[in-house]
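Participant: Supplied in structure tokens, the structure appears directly below.
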Ligand code: NDP
């Protein structure tokens, strides 16, 4: 049977674009891709990229205070949000153009429409056109979810935060995950009175508990107001903002409320259930190790599968899919030991297990040190750095590495190579320190602080 396309990708985010491009590089492979919104997806348009630029913008304010403390004669002015926003929009337009160009150059035929799956080998575009494809790849990503409470429609999400006409004076951020903690720090740095309400005991649940404490402490020292064990009951519109009420009856008003309460896979309305594709209780498309769904002609990668929801992982899943389906080289996706960074202020880089998970797995030694780094202790800043290694007592392998410091994201990328290679504590120790740096502590921790 002949098909219109060898591969049709639904979704033009990081994972979908990479898979489409790489598949199309093989001469003769016909690839189509449909995207209903902007090319680049969450990461480029409404996630990692604009977020990181906002992180950069927000760190100039403390940097100016630090410069003054070092002796610079400068005066910090106001942050011009609209000037920043217009630069940001131009940059995102540029990046979207880059993505479109990459697809064009690789010979992928793009369709700027929503697409649904109308059969095991058929996709239908919103304009009514239908195409056949030997393989269909779902790369539709995820979408912010908001709590089911009265007035939730008044809250913005991370989708809208980049497009505000003005920064609020006082914001409530609901949630305690990556997005909530990152934006609390960003907005605080930009001069907004930032409040974070989280329903659990400590933010960043699931990460190393000691590290979470250090992050939360650092956020608060910088000015973020964190309240834990607090649940929102409703949001009401008032004349000059929004009034929120928690389940204990406490009321407060804010200029803006942002919900950063998780993301839901974009699997709805694609016609998948009718085809016998399994969708789990959270909306994730179920796939095997090769990203194949229960229907052999349909694969899924990235956040729509809710495995590890990070851009570089979606890209790897896309590459593994192409190896498997188009290169005759079945390649499962390796989801182990993925380094990542939370761009909180202070920044947190991590790979491997938390102390809690490591000690549940096997007997461990904990090497950890907290200290005030040279550059900020010089000016009396209370900022604390954490370097922490979790080491298997049996194999001496480093099972987890946690860094909280300026540049922790950059550091964990490097430390991650060693951890992924299976380095032992003694391998770390054999490396000569780079002095004076913060990360030298990773190779100079002599004795465990505890065994567990
Ligand atoms: P997370 O799953 O990280 O956090 C969601 C937060 O919202 C949790 O604190 C959760 O609480 C809370 N929550 C969930 N439902 C409710 C509710 N109904 N009422 C009140 N609170 C609620 O999601 P994010 O939206 O922060 O991020 C989504 C994903 O995006 C992340 O998992 C990550 O993979 C990715 N991401 C990665 C980044 C990075 O690599 N730097 C940056 C941003 C996002 P509880 O803990 O109790 O469940």
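The values are calculated or read from the model by the stated rules, or taken from the named source; none is laboratory data. Computed from a predicted model, the values in this text were never measured in an experiment. When we count neighbours, we look across all protein chains shown, and the Cβ atoms used for this are built from the backbone with ideal geometry, even at glycine.
Participant: Determine which single condition residue 423 fails, assuming it passes every other condition in (1) touching a residue at least 24 places away in the same chain (Cβ under 8 Å); (2) in contact with a helix residue (DSSP H, G or I) (Cβ under 8 Å, 6 or more places away or on another chain).
Facilitator: (2)
Participant: Continuing with this model, one more query. Restricting to region 426-452, name every residue that is assigned to a helix (DSSP H, G or I) and touching a helix residue (DSSP H, G or I) at 6+ places or on another chain (Cβ under 7 Å).
Facilitator: Result: 427, 428, 429, 439, 442, 443.
Participant: Return the residue satisfying two criteria in turn: it lies in region 284-298 and is surrounded by fewer than 17 Cβ atoms within 10 Å (Cβ to Cβ) and under 26 Å from the mean Cα position of the chain (by Cα), and of such residues it is nearest to the ligand (Cβ to nearest atom).
Facilitator: Here the answer is 286.
Participant: Yes or no: residue 338 part of a strand (DSSP E or B), within 19 Å of residue 315 (Cα to Cα), under 16 Å from the mean Cα position of the chain (by Cα) and modelled with pLDDT of 95 or more?
Facilitator: Values: part of a strand (DSSP E or B): no; within 19 Å of residue 315 (Cα to Cα): yes; under 16 Å from the mean Cα position of the chain (by Cα): yes; modelled with pLDDT of 95 or more: yes.
When the stated conditions are applied, residue 338 does not pass them.
Participant: Moving to a separate point now. Output the residues belonging to region 302-332 that are within 17 Å of residue 40 (Cβ to Cβ), part of a loop (DSSP other than H, G, I, E, B) and touching a helix residue (DSSP H, G or I) at 6+ places or on another chain (Cβ under 7 Å).
Facilitator: 309
Participant: May I pose another question? Looking at 269, 281, which is the one that is within 16 Å of the ligand (Cβ to nearest atom), in a loop (DSSP other than H, G, I, E, B) and surrounded by fewer than 19 Cβ atoms within 10 Å (Cβ to Cβ)?
Facilitator: None of the other options fit; the residue is 281.
Participant: Report whether or not residue 213 is more than 10 Å from the ligand (Cβ to nearest atom), within 30 Å of residue 359 (Cβ to Cβ) and free of Cβ contacts under 8 Å to residues at least 24 places away in the same chain.
Facilitator: Yes; evaluated as a whole, the condition is true for this residue.
Participant: Taking region 237-266 as the region of interest, how many residues are closer than 30 Å to residue 280 by Cα, more than 11 Å from the ligand (Cβ to nearest atom) and surrounded by fewer than 22 Cβ atoms within 10 Å (Cβ to Cβ)?
Facilitator: Number satisfying all stated conditions: 0.
Participant: Do we find a residue being within 16 Å of the ligand (Cβ to nearest atom), free of Cβ contacts under 8 Å to residues at least 40 places away in the same chain and not in a loop (DSSP other than H, G, I, E, B) anywhere in region 60-74? Step through it out loud before you land on a result.
Facilitator: From region 60-74, those within 16 Å of the ligand (Cβ to nearest atom) are none; that's our starting set.
No; the residues of region 60-74 include none that is within 16 Å of the ligand (Cβ to nearest atom), free of Cβ contacts under 8 Å to residues at least 40 places away in the same chain and not in a loop (DSSP other than H, G, I, E, B).
Each row is one residue, and each column tells you yes or no for (1) surrounded by fewer than 22 Cβ atoms within 10 Å (Cβ to Cβ); (2) within 16 Å of the ligand (Cβ to nearest atom).
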| position | (1), (2) |
| --- | --- |
| 329 | yes, no |
| 334 | yes, no |
| 340 | yes, yes |
| 344 | no, yes |
| 348 | no, yes |
| 355 | yes, no |
| 360 | yes, no |
| 366 | yes, no |
| 370 | yes, no |
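Participant: Shifting gears a bit: Mind checking which pairs have a first residue in region 221-247 that is at pLDDT below 95 and a second that is more than 11 Å from the ligand (Cβ to nearest atom) and assigned to a strand (DSSP E or B), Cβ under 8 Å, 6 or more apart or different chains?
Facilitator: What qualifies is 240/253.
Participant: Got a sec? Which strands (runs of 3 or more DSSP E) wholly within region 83-202 have at least 1 residues that are away from the ligand (no atom under 13 Å from the Cβ), modelled with pLDDT of 95 or more and surrounded by fewer than 23 Cβ atoms within 10 Å (Cβ to Cβ)? Break it down stepwise before answering.
Facilitator: On the way: elements: 109-111, 115-119, 122-125, 130-138, 142-144, 170-174, 193-198.
Because the criterion is at least 1 residues that are away from the ligand (no atom under 13 Å from the Cβ), modelled with pLDDT of 95 or more and surrounded by fewer than 23 Cβ atoms within 10 Å (Cβ to Cβ), the strands (runs of 3 or more DSSP E) in region 83-202 that meet it are 109-111, 115-119, 122-125, 130-138, 170-174, 193-198.
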